[in-house]
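K.L.:
The structure follows.
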Amino acid sequence: MTQVLCPGSFDPPTLGHLDVIACAAAMFDRVTVAVVVNPDKSGMFTVAERIELLRTATASLPNVDIDSFDGLLVDYVRRGGFGALVKGLRGAGDADYEMQMAHMNAHLAGVRTVFIPCAPEHSFVSSSLVKQVARYGGDVASLVPASVAAALAGRLPASPRS
Ligand code: PNS
């Protein structure tokens, strides 16, 4: 049985993330999506909220489970006995950074990374841009799952009454 780990910040999950998770779910027996707990970085959503958003968005994928981890990724990999890491790539910019992390994780624990190119229609989508667009009232419905769009709308300051 091939059990893989798909780690990330997911603040918030986007349709790009979901595309890569669905692709991994079709390729591997079991996919664990794990939200990193970063005490130095306060996101828009808490780790518990991101887990809930991911659970809702992956509800139709029976071989996907959602978790979180604190500390070094390779320690979590060893504890869970994962056979590989799965990361999405939007383009060459991602590849440089992701290759460096993949080599480090292979060096530290012998775990290899499988890269899945995201669907071209999501290649410009990032969590930080989605938050920026949402913050200024832009339409993010085509960029994130419906539950995330609703959660983002709930975070926006109420528009002033006229
Ligand atoms: O979605 P992101 O922010 O690109 O995900 C990056 C993540 C969480 C995979 C990476 O920062 C990570 O693995 N953090 C855990 C700490 C760690 O192991 N750092 C060394 C990575 S080589």
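K.L.:
For residues that are more than 8 Å from the ligand (Cβ to nearest atom) and assigned to a helix (DSSP H, G or I), scanning just the range 103-114, find the one that is farthest from R78 (Cα to Cα). So that I can check it myself, show each step before the final result.
P.N.:
Looking only at the range 103-114, we keep the residues that are more than 8 Å from the ligand (Cβ to nearest atom), and these are 103, 106-107, 109-114.
From what is left, the residues that are assigned to a helix (DSSP H, G or I) are 103, 106-107, 109.
Working: H103: 16, A106: 12, H107: 13, A109: 8 Å.
Within the range 103-114, the match that is farthest from R78 (Cα to Cα) is H103.
K.L.:
Now, a different point. How do the pairs read when you match residues in the range 116-128 that are assigned to a helix (DSSP H, G or I) with residues anywhere that are basic (K, R), using Cβ under 9 Å and keeping only pairs 6 or more apart or on different chains?
P.N.:
Close Cβ pairs satisfying both conditions: H122/R90.
K.L.:
Sticking with this structure for a sec: Could you tell me which residue of the range 71-102 is surrounded by the most Cβ atoms within 10 Å (Cβ to Cβ), considering only residues that are part of a helix (DSSP H, G or I) and in contact (Cβ under 8 Å) with a residue 60 or more places away in the chain?
P.N.:
Narrowing the range 71-102 to residues part of a helix (DSSP H, G or I): 73-80, 92-102.
Those still in the list that are in contact (Cβ under 8 Å) with a residue 60 or more places away in the chain too: 73, 76-77, 80.
Working: L73: 20, Y76: 20, V77: 23, G80: 14.
Among those residues, the one meeting the criterion is V77.
K.L.:
Let me ask something else. Go through the range 1-47 and report how many residues are in contact with an Asp or Glu (Cβ under 7 Å, 6 or more places away or on another chain), over 22 Å from A149 (Cα atoms) and not in a strand (DSSP E or B). Working first, answer last.
P.N.:
Of all residues in the range 1-47, those in contact with an Asp or Glu (Cβ under 7 Å, 6 or more places away or on another chain) come to 1-3, 32, 34, 37, 43-45.
Within this subset, residues satisfying the condition of being over 22 Å from A149 (Cα atoms) are 1-3, 32, 37.
Checking the rest, the ones that are also not in a strand (DSSP E or B) come to 1-2.
Within the range 1-47, residues that are in contact with an Asp or Glu (Cβ under 7 Å, 6 or more places away or on another chain), over 22 Å from A149 (Cα atoms) and not in a strand (DSSP E or B) number 2.
K.L.:
Condition first: hydrophobic (A, V, I, L, M, F, W, C) and more than 16 Å from the chain's Cα centre (by Cα). Can you find one or more residues in the range 62-70 that meet it?
P.N.:
As a first pass, look at the range 62-70 and keep what is hydrophobic (A, V, I, L, M, F, W, C): 64, 66, 69.
Applying the additional criterion that residues be more than 16 Å from the chain's Cα centre (by Cα) yields none.
No; the residues of the range 62-70 include none that is hydrophobic (A, V, I, L, M, F, W, C) and more than 16 Å from the chain's Cα centre (by Cα).
K.L.:
Additional query: Being in contact (Cβ under 8 Å) with a residue 40 or more places away in the chain and within 12 Å of the ligand (Cβ to nearest atom) is the filter here, so list the residues in the range 9-47 that pass it.
P.N.:
S9, F10, D11, P12, P13, T14, G16, H17, V20, A34
K.L.:
Residues in the range 48-70: is at least one within 14 Å of the ligand (Cβ to nearest atom), surrounded by 19 or more Cβ atoms within 10 Å (Cβ to Cβ) and part of a loop (DSSP other than H, G, I, E, B)?
P.N.:
Scanning the range 48-70, I find no residue that is within 14 Å of the ligand (Cβ to nearest atom), surrounded by 19 or more Cβ atoms within 10 Å (Cβ to Cβ) and part of a loop (DSSP other than H, G, I, E, B), so the answer is no.
Coordinate-derived values only; no laboratory data. These numbers come from a predicted model, not from an experiment. FYI the Cβ positions are ideal-geometry reconstructions off the backbone, even for glycines, and counts take in every protein chain you see.
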